[in-house]
Amino acid sequence: MIIDLTRLRENDKGTYVHSVAVSALMVNLALELEMDDEDVSVMGVAGMLHDIGKSILDPDILNKPTMLDESETVEMRLHVQNGYEMILGMTNVDHRVLDVCLNHHERLDGSGYPNGRLAMDLSIASRMAAICDVYDALTSTRPYKKPWLPVAAITHMADQPDQIDPRLLFSFMRSIGVFPAGTLVRLRSNQLGIALKSSKPKTPQRVRVFWSISENALITPYDILPTKGADGDQVVSREMPAKWGFKSWDKLHDYVVKQNTFGIRRAA
């Protein structure tokens, strides 16, 4: 395993860094899902090895500065089967690591590869890996593209509920603290807020609080940075405006977003 990872790092440092990032995202998501310690560890290993098959691909394809052509794409897609066979030959490897390696490019609607599997045949682990893999790929620099903002990447995935598991994606949003701009969210403080658009890649996303659930009334809007700590406020669910009787949601949304809140109120 170590030799294969070393080969991957030498062949394509970008993929190696991507694998480390996906591993961290998988661990973070597993913790958000309250998996036990053993499962969290397995998810981390699965993330680290999900692209191990690229270690035996042609470096010229891996490092090509432009988009791949059709034949190169076919060869690139072999990495999932190659990786599966490499891991299959290892000892004491959890079956979920094999599953993630083979199926992280599969999609719920059967449009993925290598086998076009449908939702009913895709495990939680492979669905988690699909989310973490796509997110890091979109938000990372590539020779042929600039990195997307985290909010843009999350929005892109949220717009594909037929391919990406919506429930797991929401858990992923909670785990990294990023939601599609304009999303109505419920906070642990029993208030409603709107996720705002971040202007810079490393700028924490704000939530603009505007509604008291206990009072069933509009309050003076203010911004917070949700935290995951026990003492801070945090997002607990994604809400539908109609559920709360917001009939003119577009107007209310625009009103709240355009308010000047004069900075951030620390979550308490």
Residues that are small (Gly, Ala, Ser), crowded, with 17+ Cβ neighbours inside 10 Å and part of a helix (DSSP H, G or I): does region 176-185 have at least one?
no
If we keep just the residues of region 214-251 that are part of a helix (DSSP H, G or I) and under 15 Å from Ala195 (Cβ atoms), which is nearest to the chain's Cα centre (by Cα)?
Pro241
All positions within region 45-103 that are closer than 15 Å to Tyr113 by Cβ and either among the polar types (S, T, N, Q) or outside the structural domain of Arg127 (by TED's automatic domain parsing) (or both)
Thr73, Gln81, Asn82, Asn103
From (1) buried (at least 17 other Cβ atoms within 10 Å of the Cβ); (2) in contact with a His (Cβ under 9 Å, 6 or more places away or on another chain), pick out the condition that doesn't hold for Arg96.
(2)
Quick one: Tyr113 ticks every box in (1) surrounded by 20 or more Cβ atoms within 10 Å (Cβ to Cβ); (2) of a type in the set (Ser, Thr, Tyr); (3) part of a loop (DSSP other than H, G, I, E, B) except a single one, so which number is it?
(1)
What are the residues in region 45-92 that are in a loop (DSSP other than H, G, I, E, B), surrounded by 12 or more Cβ atoms within 10 Å (Cβ to Cβ) and either of a type in the set (Gly, Ala, Ser) or in contact (Cβ under 8 Å) with a residue 12 or more places away in the chain (or both), if any?
His50, Asp51, Leu57, Asp58, Asn63, Lys64, Arg77, Leu78, Met90
Quick test for you: out of Ala119, Ala125, Ala129, pick the one residue that is at pLDDT 95 or above and touching a Gly at 6+ places or on another chain (Cβ under 8 Å).
Ala129
Take the residues in region 9-44 that are more than 20 Å from the chain's Cα centre (by Cα) and among the charged types (D, E, K, R); name whichever of them is surrounded by the most Cβ atoms within 10 Å (Cβ to Cβ).
Asp12
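Listed here are the residues, each with its yes/no results for (1) touching a helix residue (DSSP H, G or I) at 6+ places or on another chain (Cβ under 6 Å); (2) free of Cβ contacts under 8 Å to residues at least 12 places away in the same chain; (3) assigned by TED's automatic domain parsing to the domain that holds Gln234.
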position	(1), (2), (3)
Glu106	no, no, no
Gly110	no, yes, no
Pro114	yes, no, no
Leu122	no, no, no
Thr155	no, no, no
Leu192	no, no, yes
So Val209 ticks every box in (1) part of a strand (DSSP E or B); (2) surrounded by fewer than 17 Cβ atoms within 10 Å (Cβ to Cβ) but one. Which box is left unticked?
(2)
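Any residue at all in region 128-148 that's touching a residue at least 60 places away in the same chain (Cβ under 8 Å), under 22 Å from Arg174 (Cα atoms), among the polar types (S, T, N, Q) and in the same structural domain as Ala21 (by TED's automatic domain parsing)? So that I can check it myself, show each step before the final result.
If we filter region 128-148 for residues that are touching a residue at least 60 places away in the same chain (Cβ under 8 Å), which is where we start, we get 128-129, 131-133, 135-137, 139-140, 142-144.
When the remaining residues are screened for being under 22 Å from Arg174 (Cα atoms), the result is 128-129, 131-133, 135-137, 139-140.
Next, only the ones that are among the polar types (S, T, N, Q) stay: 139-140.
Cutting the leftovers down to in the same structural domain as Ala21 (by TED's automatic domain parsing) gives us 139-140.
Yes, because at least one residue in region 128-148 is touching a residue at least 60 places away in the same chain (Cβ under 8 Å), under 22 Å from Arg174 (Cα atoms), among the polar types (S, T, N, Q) and in the same structural domain as Ala21 (by TED's automatic domain parsing).
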Could you check region 214-235 and list, in sequence order, the residues that are at pLDDT 90 or above and surrounded by 14 or more Cβ atoms within 10 Å (Cβ to Cβ)?
Pro221, Tyr222, Asp223, Ile224, Val235
Extreme residue, farthest from the chain's Cα centre (by Cα), among residues of region 118-169 that are over 22 Å from Leu196 (Cα atoms), of a type in the set (Asp, Glu) and assigned to a helix (DSSP H, G or I)
Asp121
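The values are calculated or read from the model by the stated rules, or taken from the named source; none is laboratory data. Quick caveat: nothing in here was measured; it's all calculated off a predicted structure. Virtual Cβ from ideal backbone geometry, glycine too; neighbours counted across all protein chains shown.
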